[in-house]
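Worksheet: the structure to be examined is printed underneath.
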Amino acid sequence: MAARILDGKQTALKIREEIAAEVRQFVDAGGPTPCLAAVLVGDDPASQVYVRNKQRACEKAGIEGRLDRLPADVSQSELLDVVRRLNEDDGVHGILVQLPLPRGLDERLVLDMVDARKDVDAFNPCNVGLLMQGRPRFLPCTPAGIVQLLHRYEIPTAGKHVVVVGRSDIVGKPMAMLLAARDGSCGPSAANATVTLAHSRTADLAEVVRSGDIVIAAVGRPEMIRGEWLKPGAVVVDVGINRVEDRLVGDVHFDEAMEVASAVTPVPGGVGPLTIAMLLGNTLAAARAIHQSRNSG
Ligand code: GUN
């Protein structure tokens, strides 16, 4: 029997409408228009598309989108100056430095510089630490989007064995944290799962994946996870976006997964749109927190 498709695009549109309504309420009540400042360095085509999509989504939600474009040969200190300026700009509530940065720039140094209160990507080590302790300031966008998707399709995580494949700082590691968190501390129903954080060097990876009630693939290898690796009835969330010739494919072999799993996210149209929706939510949360601290201070 074919699996159910988990439609990230539709779910993200719904979430974006909800955020737009919350933005209107916040501004009507005297709050500032939330503002997200993106920094794009170089001319990587995929990054340009991502940033453009984020800007458009901001506009539609009533959030101001700003963009600083810098050449690929910008110096480390010039880039840090741009981040410093955005940190100090009272009109900016969220800062996003699009990754990857061109070779020669120190990503860590730049992300460490982003003011933790404006760090809507949740990449700053202070925010990573808060997440680890179950008291997040911002939820990391892609993992939080996945939690929302599972929640809205009424797929419970409590007591389930979730196998996360991929140990990146952006997806794999924070995903594991969110799913293992106690009730409610990291978003709706993002709780009480038993999590295995697997990766490309995991021994018997196919066997480990087969033990997952839910499999989250974020390893960056086209169609690596095959249908026969899946437990029948598993839920499959595919974070991968890999270009193979002129096609986009995920980390999971979609057609094979559809035959074995009970639910699968497509690529594209699965996790990607949710990441942007969560970014908007974080920008509103940042504007709220900054506004509140100014008014109470
Ligand atoms: N590049 C790929 N994904 C992301 C993301 O979530 N945030 C940023 N800033 N850059 C990315």
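The values are calculated or read from the model by the stated rules, or taken from the named source; none is laboratory data. Please read these numbers as outputs of a predicted model, since none were measured by experiment. Neighbour counts are summed over all protein chains in view; Cβ atoms, including those assigned to glycine, are modelled from backbone coordinates with ideal geometry.
Taking L79, is it within 24 Å of the chain's Cα centre (by Cα), among the hydrophobic types (A, V, I, L, M, F, W, C), under 30 Å from N242 (Cα atoms) and surrounded by 15 or more Cβ atoms within 10 Å (Cβ to Cβ)? Here the answer is yes, as L79 does meet what is asked.
Does the stretch 63-73 include one or more residues that are among the charged types (D, E, K, R), within 16 Å of the ligand (Cβ to nearest atom) and under 20 Å from A289 (Cβ atoms)? Yes: the stretch 63-73 contains one or more residues that are among the charged types (D, E, K, R), within 16 Å of the ligand (Cβ to nearest atom) and under 20 Å from A289 (Cβ atoms).
The single residue among P100, P140 that is within 14 Å of the ligand (Cβ to nearest atom) and in contact with a helix residue (DSSP H, G or I) (Cβ under 6 Å, 6 or more places away or on another chain) turns out to be P140. Taken over the stretch 120-137, residues that are within 22 Å of P188 (Cβ to Cβ) and either in contact with a strand residue (DSSP E or B) (Cβ under 9 Å, 6 or more places away or on another chain) or more than 14 Å from the ligand (Cβ to nearest atom) (or both) amount to 10.
Close contacts from the stretch 89-111, counting a first residue that is within 16 Å of P140 (Cβ to Cβ) and a second that is away from the ligand (no atom under 13 Å from the Cβ), with Cβ to Cβ under 8 Å and a gap of 6+ residues or different chains, come to G94/P34; G94/C35; G94/A286; G94/A287; I95/L86; I95/N87; I95/D115. Going residue by residue through the stretch 11-24, is there one that turns out to be more than 16 Å from A286 (Cα to Cα) and within 13 Å of the ligand (Cβ to nearest atom)? There is no residue in the stretch 11-24 that is more than 16 Å from A286 (Cα to Cα) and within 13 Å of the ligand (Cβ to nearest atom).
Going by the conditions given, is V49 of a type in the set (V, I, T), within 16 Å of the ligand (Cβ to nearest atom) and either farther than 21 Å from A20 by Cβ or at pLDDT 95 or above (or both)?
Details: of a type in the set (V, I, T): yes; within 16 Å of the ligand (Cβ to nearest atom): yes; either farther than 21 Å from A20 by Cβ or at pLDDT 95 or above (or both): yes.
Spelling it out, V49 is indeed of a type in the set (V, I, T), within 16 Å of the ligand (Cβ to nearest atom) and either farther than 21 Å from A20 by Cβ or at pLDDT 95 or above (or both).
Here is the figure for the stretch 27-49: residues that are touching a Ser or Thr at 6+ places or on another chain (Cβ under 9 Å) and either surrounded by 17 or more Cβ atoms within 10 Å (Cβ to Cβ) or not in a helix (DSSP H, G or I) (or both) total 5.
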